[in-house]
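Written out below as structure tokens is the structure these notes cover.
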Amino acid sequence: MNRIPVLIVGGGLVGLASSLFLARQGVPSLLVDRHPGVSIHGRARGINHRTMEIYRAYGIADAVEAAGKPFDAEAGVARCHTLAGEWEWIFDADEPRAWPDLTAGVFCMADQNSVEPILIEAARSSSATHRFNTELVSFDADTDGVTAVIEDRASGEREVWQADYLVAADGNRSPIRQRLGIARTGEATFMNSMNIVFRADLSAFLPRRALFWMIFNPGFAGGLVSTADPRRWQATVSYDPAVESEKDFTVERCVQLVRAAVGREDLAVEIEGVASWQQGVGVAERYRHGRIFLAGDSAHVWPPAGALGANTGVQDAHNLAWKLAAVIRGRAGDGLLDTYEAERRTLAAALAPMIVRHQQARMSGAPEPEEMDGKVQLLGQLYGADTVFADRLDLPARAGARAPHLWLDAAGVHDLFVDEFVLLCDSAEWVDAAAVQSVPVRAYRADHADGWAARYGHGAVLVRPDGYVAWRSSAPASATLLAQALSRALATPA
Ligand SMILES: Cc1cc2nc3c(=O)[nH]c(=O)nc-3n(C[C@H](O)[C@H](O)[C@H](O)COP(=O)(O)OP(=O)(O)OC[C@H]3O[C@@H](n4cnc5c(N)ncnc54)[C@H](O)[C@@H]3O)c2cc1C
């Protein structure tokens, strides 16, 4: 029988990010995806500051930023009757992309189909295995592991694999979640959409480039976005799945739709593909089923407002990977794996209704509700606290909050958080205490950094590999206190 510590089902952003994060923590994984390769459909594009902060630590932020260059000049959302006609700006400028007081991660626009190859290359160079055109056809799980049957869709050949853990990054329709009978709370479908990818020269109609055009006329009602290729575009319309499907969107019909959107009956259009997707909401009732963990869209879906779908999924993967690695490497107790659901599901359940309210306002043209500062929503997420979000971001380091940002020369402090616990401290004694622990702890004297005292106070702050504060002490340096804090953070006996 083939054996692997972690089997990942799904090679979208979340599965690929999981394979990279695990690989950098020294844990081999096998990822399977039923598609032959990366899709031409761009889908997720807005990569938020927190995801970019994580990508920096894993050494891929520069490549992701470069993939986003074609979108650098795009800003705002425009509404129009046809692209060739007058535009009304719904909003015209975007927030600054860098928040240097809060994070080294800089917001970036880069299509999912440009980012996926970057994740693939980085993960493979760190020993992850990916098999595309390969489907999970069945699985059984017990207390010892997961037995999975996978099929090469080209040859029809099947293999049986035994995995210690299974990450279900298998998307919104998640066959794994369905097979496990895990329901979703708050489930609703708002809209069924069809994406049409086409090639056309639209340069004559573009005095300026928007992030998104909303176009409404009798022949077309939907959205238009650019892609990294200046002649390739993506139009989105809604459809009724009770009466139509992808095959009803013939080339002729799609050409007509695109011409109506642009407002030019003679426009040369080449249709490259159509794909359906569902705009809905739902959060899985459980994220863990024994040795199986849901991540990304299989765990939660919501509308695109706020660009929090893939971002939250990648951040799920980041939260889960270090915990799986710690358990697989014998450093943590199984209880640590329960914290994945406690931390990430609680967050998703709070985000879902907010995102729905924003999307509904956006679609109806009403002003978007100002219920929360966007910076707090991204960087003020709390774990294990009474509230899901902090009131403000200028509070000093505390357990359960993301470690406050510091600049350490050109590096952000989050560049340090990859595969081990980090002790940020202000004395050589704390560095010595870290050196004698039974699990590796990288200690850094960070007291020379601007803002250290205000953000970290005096003493030592223990930070988990995902950049969250596990413990803080202003007591005199003590290897015993640190060992106790590590035991709690790793759910091992003291
Ligand atoms: C138009 C649009 C715009 C969006 N914009 C943004 C944005 O700007 N920012 C953002 O953060 N999010 C955005 N999102 C949401 C984002 O695309 C999703 O949240 C994200 O892609 C989900 O990633 P995932 O890896 O969880 O799932 P998916 O990308 O759906 O990947 C799941 C994979 O699992 C595979 N799979 C399923 N079952 C099996 C099986 N049995 N065997 C093998 N493989 C299997 C599928 O082939 C698929 O490749 C957008 C979504 C849409 C539709």
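From the list PHE190, PHE132, the one residue that fits, being more than 30 Å from PRO404 (Cβ to Cβ), among the hydrophobic types (A, V, I, L, M, F, W, C) and at pLDDT 95 or above, is PHE132.
Which residues, counting only those in the range 12-27, are more than 13 Å from the ligand (Cβ to nearest atom) and in a loop (DSSP other than H, G, I, E, B)? GLN25, GLY26, VAL27 - these are the residues of the range 12-27 that are more than 13 Å from the ligand (Cβ to nearest atom) and in a loop (DSSP other than H, G, I, E, B). Checked against (1) in contact with a Leu (Cβ under 8 Å, 6 or more places away or on another chain); (2) within 24 Å of MET52 (Cβ to Cβ), LEU337 passes all but a single condition, namely (2).
Considering the conditions (1) assigned by TED's automatic domain parsing to the domain that holds VAL301; (2) of a type in the set (S, T, N, Q); (3) surrounded by fewer than 19 Cβ atoms within 10 Å (Cβ to Cβ), GLN359 is excluded by exactly one of them, (3). Filtered by the rule that a residue be assigned to a strand (DSSP E or B) and either more than 27 Å from the chain's Cα centre (by Cα) or farther than 30 Å from VAL64 by Cβ (or both), the range 122-158 gives VAL137, SER138, PHE139, ASP140, ALA141, VAL146, THR147, ALA148, VAL149, GLU151, ASP152, ARG158. Please verify whether VAL197 is over 29 Å from the mean Cα position of the chain (by Cα), in contact (Cβ under 8 Å) with a residue 24 or more places away in the chain and within 16 Å of the ligand (Cβ to nearest atom), treating the condition exactly as stated. Answer is no for this residue.
Of all residue pairs spaced 6 or more apart or on separate chains, those with beta-carbon atoms under 9 Å, a first member in the range 303-318 that is within 6 Å of the ligand (Cβ to nearest atom) and a second member that is of a type in the set (Ser, Thr, Tyr) are ALA310/THR51; ASN311/THR51; GLY313/SER298.
Remark: pairs (first residue in the range 30-57, closer than 19 Å to GLU135 by Cβ and of a type outside the set (Gly, Ala, Ser); second residue more than 8 Å from the ligand (Cβ to nearest atom) and assigned to a loop (DSSP other than H, G, I, E, B); Cβ separation under 6 Å; 6+ apart in sequence or on different chains) = ASP33/PHE132; PRO36/PHE132; PRO36/ASN133. Scanning the range 192-202 turns up no residue that is polar (S, T, N, Q) and outside the structural domain of GLN256 (by TED's automatic domain parsing). Against the condition modelled with pLDDT of 95 or more, surrounded by 20 or more Cβ atoms within 10 Å (Cβ to Cβ) and within 27 Å of VAL376 (Cβ to Cβ), how does LEU482 come out, does it pass? Spelling it out, it is not the case that LEU482 is modelled with pLDDT of 95 or more, surrounded by 20 or more Cβ atoms within 10 Å (Cβ to Cβ) and within 27 Å of VAL376 (Cβ to Cβ). Which of the residues that make up the range 446-474 are touching a strand residue (DSSP E or B) at 6+ places or on another chain (Cβ under 9 Å) and free of Cβ contacts under 8 Å to residues at least 24 places away in the same chain? Scanning the range 446-474 gives ASP447, HIS448, SER473, SER474. Within the range 371-390, the residues that satisfy the criterion of being assigned to a loop (DSSP other than H, G, I, E, B) and either of a type in the set (Gly, Ala, Ser) or in the same structural domain as LEU320 (by TED's automatic domain parsing) (or both) are GLY380, GLY384, ALA385, ALA390. Here is a check on your reading of the model: is GLU265 modelled with pLDDT of 95 or more and either under 23 Å from SER174 (Cα atoms) or β-branched (Val, Ile, Thr) (or both)? Criteria not met by GLU265. Quick one: in the range 285-302, of everything that is assigned to a helix (DSSP H, G or I) and closer than 18 Å to SER29 by Cβ, which residue is nearest to the ligand (Cβ to nearest atom)? So, considering only residues that are assigned to a helix (DSSP H, G or I) and closer than 18 Å to SER29 by Cβ, the one nearest to the ligand (Cβ to nearest atom) is GLY296. Among the residues of the range 41-64, is any in a helix (DSSP H, G or I) and polar (S, T, N, Q)? Yes, some residue in the range 41-64 is in a helix (DSSP H, G or I) and polar (S, T, N, Q).
Listed by first and then second residue, the pairs linking a residue in the range 420-445 that is aliphatic (A, V, I, L, M) to a residue that is part of a loop (DSSP other than H, G, I, E, B), with Cβ atoms under 6 Å apart and 6 or more places separating them unless they lie on different chains, are LEU424/ALA446; ALA433/ALA477; VAL439/ARG331.
Within the range 28-44, is there a residue that is near the ligand (Cβ under 8 Å from one of its atoms), over 28 Å from LEU416 (Cα atoms) and of a type in the set (A, V, I, L, M)? Scanning the range 28-44, I find at least one residue that is near the ligand (Cβ under 8 Å from one of its atoms), over 28 Å from LEU416 (Cα atoms) and of a type in the set (A, V, I, L, M), so the answer is yes. Could you please give the count of residues in the range 433-460 that are in contact with a Cys (Cβ under 8 Å, 6 or more places away or on another chain) and more than 19 Å from ALA326 (Cβ to Cβ)? Summing the residues that are in contact with a Cys (Cβ under 8 Å, 6 or more places away or on another chain) and more than 19 Å from ALA326 (Cβ to Cβ) in the range 433-460 gives 6. Of the residues ASP426, ASP394, ASP447, ASP409, the single one that is touching a His at 6+ places or on another chain (Cβ under 8 Å) and farther than 27 Å from ALA317 by Cβ is ASP426. Checking the structure you have, find out if any residue of the range 420-430 is under 22 Å from TYR340 (Cβ atoms) and outside any loop (DSSP other than H, G, I, E, B). Yes: one or more hits. Inside the range 148-177, residues that are aliphatic (A, V, I, L, M) and either free of Cβ contacts under 8 Å to residues at least 24 places away in the same chain or surrounded by fewer than 15 Cβ atoms within 10 Å (Cβ to Cβ) (or both) make up a count of 3. The requirement of being at negative phi, touching a strand residue (DSSP E or B) at 6+ places or on another chain (Cβ under 6 Å) and of a type in the set (Phe, Trp, Tyr) is fulfilled somewhere in the range 54-74, by at least one residue.
The values are calculated or read from the model by the stated rules, or taken from the named source; none is laboratory data. Predicted, not measured: the structure shown is a model, and the values here were computed from it. Quick reminder, even Gly has a Cβ in these numbers, built from the backbone with ideal geometry, and neighbours come from all protein chains shown.
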